[in-house]
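What follows is a single structure, written as structure tokens, with notes after it.
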Amino acid sequence: MHTLQKNSPEEKQRMETILEQVTDPELLSQIERVVSFHGFLTSGALIGIQMLNIARRELDIQSGERIYVTCETKSCMPDSFQILAGATIGNNGLKINNLGKMAVTVNKQAPEGVNSIKGIRIILDPEKTKAYPKLHAWYLNTEKFPHVEIVPILLEAGEKVYSWKLVDVEVPVRQKKRIQCCKNCNEMFVQHDNEVLCGACTE
């Protein structure tokens, strides 16, 4: 069987043909922005876009509103939240809890002094992907398929392959940053408890 190389000229051409079929200008704009950041359109990046759109609707997230995201995989999905929602690792809007799951939890910024807020956890649901055998096989990794074969299925299925529920998200109390000089390497590091050695020297 001939397999397409990821990001090869042939795959790019086929992906462009697929995207020409996208009739929703908002979704197409989102895809184009993610592609310019991520490098190419992967199935995981599209799943991230679709999950973000579910979260925006269900939590009534307005354009430009700050959100917090916990992705349960580090592969592809997080980039959609970084580029489309401005939730990055650097601004503490994005956390990666790499459990290897196609799942994400999204919440808005909590008001000052509130220690819990409603969020939404969204999963790519294997019970629902069964209706799309090729997508299901890709998801369970029982067969290998290039992105150009999975992306059209995700576009066709839309939200039908996801499940979600509202969850309570704990809002961490902001601690005052304490800087300590490591007793071993003499480099400065952020102290989390009362440790006297940096993380590198305790490994």
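The values are calculated or read from the model by the stated rules, or taken from the named source; none is laboratory data. Since this is a predicted model, take the numbers as computed values, not measurements. Cβ placement follows ideal geometry from the backbone for every residue including glycine, while neighbour counts extend to all protein chains displayed. Side chains are part of the model used for accessible areas, which takes the heavy atoms of the whole protein and leaves out ligands, DNA and RNA. Shrake-Rupley method; radii C 1.70, N 1.55, O 1.52, S 1.80 Å.
Does any residue of the stretch 183-202 turn out to be out of contact with any Gly (no Cβ under 8 Å at 6 or more places or on another chain) and on the phi > 0 side of the Ramachandran plot?
Scanning the stretch 183-202, I find at least one residue that is out of contact with any Gly (no Cβ under 8 Å at 6 or more places or on another chain) and on the phi > 0 side of the Ramachandran plot, so the answer is yes.
Does Pro172 satisfy the condition of being more than 19 Å from the chain's Cα centre (by Cα) and free of Cβ contacts under 8 Å to residues at least 24 places away in the same chain?
Criteria met by Pro172.
Can you pull out the residues in the stretch 133-147 that are open to solvent by 50 Å² or more (accessible area, probe 1.4 Å) and not hydrophobic (A, V, I, L, M, F, W, C)?
Selection gives Pro133, Lys134, Tyr139, Asn141, Thr142, Glu143, Lys144.
Could you run through the stretch 102-134 and say how many residues are touching a Ser or Thr at 6+ places or on another chain (Cβ under 8 Å), at pLDDT 95 or above and assigned to a loop (DSSP other than H, G, I, E, B)?
Qualifying residue count for the region: 2.
Step by step: first the residues of the stretch 5-27, then only those that are in contact (Cβ under 8 Å) with a residue 12 or more places away in the chain and open to solvent by less than 50 Å² (accessible area, probe 1.4 Å), then the one that is farthest from Ser75 (Cα to Cα). Which residue is that?
Residue satisfying both the conditions and the ranking: Val22.
Are any residues in the stretch 28-52 open to solvent by 30 Å² or more (accessible area, probe 1.4 Å) and either part of a helix (DSSP H, G or I) or of a type in the set (Val, Ile, Thr) (or both), and if so, which ones?
Listed by number, the residues that qualify are Leu28, Ser29, Glu32, Arg33, Val35, Ser36, Phe37, His38.
Give the residue, chosen from Ile96, Ile89, Ile83, that is touching a helix residue (DSSP H, G or I) at 6+ places or on another chain (Cβ under 7 Å) and farther than 25 Å from Leu28 by Cβ.
Exactly one residue qualifies, and that residue is Ile96.
Which one of these is modelled with pLDDT under 95 and closer than 16 Å to Ile83 by Cα: Glu32, Glu16?
After applying the criteria, what remains is Glu32.
Restricting to the stretch 58-70, name every residue that is under 19 Å from Trp164 (Cβ atoms), touching a residue at least 12 places away in the same chain (Cβ under 8 Å) and open to solvent by 10 Å² or more (accessible area, probe 1.4 Å).
Glu58, Leu59, Ile61, Glu65, Tyr68, Thr70
Output the residue which, of all residues in the stretch 135-193 that are under 30 Å from Leu19 (Cβ atoms) and basic (Lys, Arg), is modelled with the highest pLDDT.
Lys160
Please enumerate the residues belonging to the stretch 148-196 that are assigned to a helix (DSSP H, G or I), touching a Phe, Trp or Tyr at 6+ places or on another chain (Cβ under 9 Å) and open to solvent by 30 Å² or more (accessible area, probe 1.4 Å).
Matches in the stretch 148-196: Glu149, Glu156, Lys160.
Restricting to the stretch 71-101, give me the number of residues that are in a loop (DSSP other than H, G, I, E, B), touching a Gly at 6+ places or on another chain (Cβ under 8 Å) and open to solvent by less than 50 Å² (accessible area, probe 1.4 Å).
6
Checking Ala55 against (1) touching a Cys at 6+ places or on another chain (Cβ under 8 Å); (2) closer than 18 Å to Val167 by Cβ; (3) surrounded by 21 or more Cβ atoms within 10 Å (Cβ to Cβ): exactly one of these is not met. Which one?
Condition not satisfied by Ala55: (1).
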